[in-house]
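Report on the following structure.
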Amino acid sequence: MIIDFTITNFRSIKEEQTFSLHAETPGSHLQENISYPAGDKIGVLKSVGLYGANAAGKSNVLLALEALRFIIISSGDLKEGDLIPCYEPYRLSEDSKFAPIRFEIEFFVPSDKQDQNKALRYRYCVAFTENNIVQESLSFYPSNQVATLFNREPNHTWKTIPFGSLYKGGKKRLPFFANNSYLSKAGDSADTPLIIRDVYNYFRKEQTRIGATRSISKAGWLEEKDLVSKVGAILSLVDTGISNISVQERTETEDLELPEELPNSLKLRILKDRKYKPFFSHLTESGDSELFDQKLESDGTLKLFNLAPIIIETLSNGGVLIMDELDNSMHPFMAELIIKLFNDPRINKGNAQLIFSTHNINLMSPELLRRDQIWFAEKQLGITKCYSLDDYDKKKVKPQSPFNQWYAEGRFGGIPAINYQGIVDLFNVPREIHAQEE
């Protein structure tokens, strides 16, 4: 579970911003929305929503998590001298456009595969320029005291990077280029200590990000009969008109033809995903079933159909699901359902998390979310600032306050500033002015 994520100099985020999922003051309101991965010491929120105007930087906060994941998982594949593709600094200032991007994340990783409630707390920090990791460190909390696993500074090479005394149980010193993170190299090696591989695999396996325009699907899931059955049951329970789902193997080979320029690995994955075709059963007036092709289903139904297996897997395995524009192409009630599933301790038994952005103020409800689960992104002079509803005076903004109504009134910021009169004037510019300009 993610506790805190700090971003500096990434896209529209120039100054250090901390996006926190730490329940600092648990209180009594919606306590079921909090998990305690390491006992009752640190409470972590099961879901967090990010609001703000278009272009305020909401997506950049979520993209920063994806950039961090690239550094941890994929930077080890970069060849010597390759540019780091996720180096996207704040470009509207001379003192930042070539400066390092800095990420710091504090998180829990299960220490017992059979018990998600036994977890170790870690802190990972990394700073990088377009072709160089300039600083990197990983520490953890074996007790109340923090212990360093490794600490890479600008003057360190793979031969001189220092390690902590508790980093043991395998090979530690591995060759890496300046543009490779040590964690990426060590985490992907079978002979390194288990603790480093656990952290690497947490980011590799347990985090899923879905962009606002990105197609969503879980590779090969149509071959899993139990999962197909669960997805069908969910669709039947949310008034889609679908009674169940059946899967048939494709026979029309022309549908499987792919461009020659695609890599073979990608071709194999696409062919596997397209090997089976779903059909949706609808009850007829006589009580029989009629099979519908997915082309006949609504966009909202198809989005939920593709999203459901990812939700099921995340809730089962205790991962982190990151969704940009949660309610895009879906009815608001479906978005509310997803949040409820993550907040419900009867369902979310594995400390799963949902991090999402949205414009839907109906989700900003005291019956659904706590104050510390509601965050805002706002641009000030082109720079994104992040803050929580919990930052406001708690005597004025109470747990049962009408958050959505007050947000719509502009009390919390994070809404677009619209010059309506300027737009009216634009539509009413006299024609003679246009003629003079021409």
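The values are calculated or read from the model by the stated rules, or taken from the named source; none is laboratory data. Keep in mind that this is a model prediction, so the values were computed, not measured. Cβ atoms come from the backbone with ideal geometry, glycine included; neighbour counts cover every protein chain shown. Only protein heavy atoms, including side chains, enter the accessible area calculation; ligands, DNA and RNA are left aside. Shrake-Rupley method; radii C 1.70, N 1.55, O 1.52, S 1.80 Å.
Structure summary
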| read-out | value |
| --- | --- |
| Rounded to the nearest 20 debye, dipole of the range 104-209 from Cβ charges on Lys, Arg, Asp, Glu | 280 |
| Sites Asp40 and Glu66, calculated FRET efficiency, Cβ-Cβ separation with R0 51 Å, nearest 0.05 | 0.95 |
| Positive-end residue, the chain charge dipole about Cα centroid, Cβ charges, pick of Asn360, Ala335, Ser165 | Ser165 |
| All lysines inside 27 Å of Lys225 as judged from Cα atoms, apart from same-chain residues fewer than 8 positions distant | Lys113, Lys205, Lys267, Lys272, Lys275, Lys277, Lys295, Lys303, Lys340, Lys349 |
| Per-residue SASA entry for Leu149, accessible area with 1.4 Å probe, Å² rounded to 10 | 0 |
| 5 angstrom amide H check on Arg209, placed H, neighbours 5+ away | Ile322 |
| Scattering curve values for the range 186-249, log₁₀ I(q)/I(0), Debye with Cα scatterers, q = 0.12, 0.16, 0.19, 0.24 Å⁻¹ | -0.55, -0.77, -0.87, -1.01 |
| Packing-based order for 341-350, 220-229, using average beta carbon neighbours within 10 Å, highest first | 341-350, 220-229 |
| The range 79-237: C-alpha gyration tensor shape, a/c 1.5 cut-off, then a/b vs b/c | oblate |
| Sum of -39500 (n - 2.57) over DSSP H runs of 4+, divided by residues of the chain (222 nm, nearest 500) | -7500 deg cm²/dmol |
| Euclidean distance between Cα centres, the range 1-73 to the range 141-174, Å | 26 |
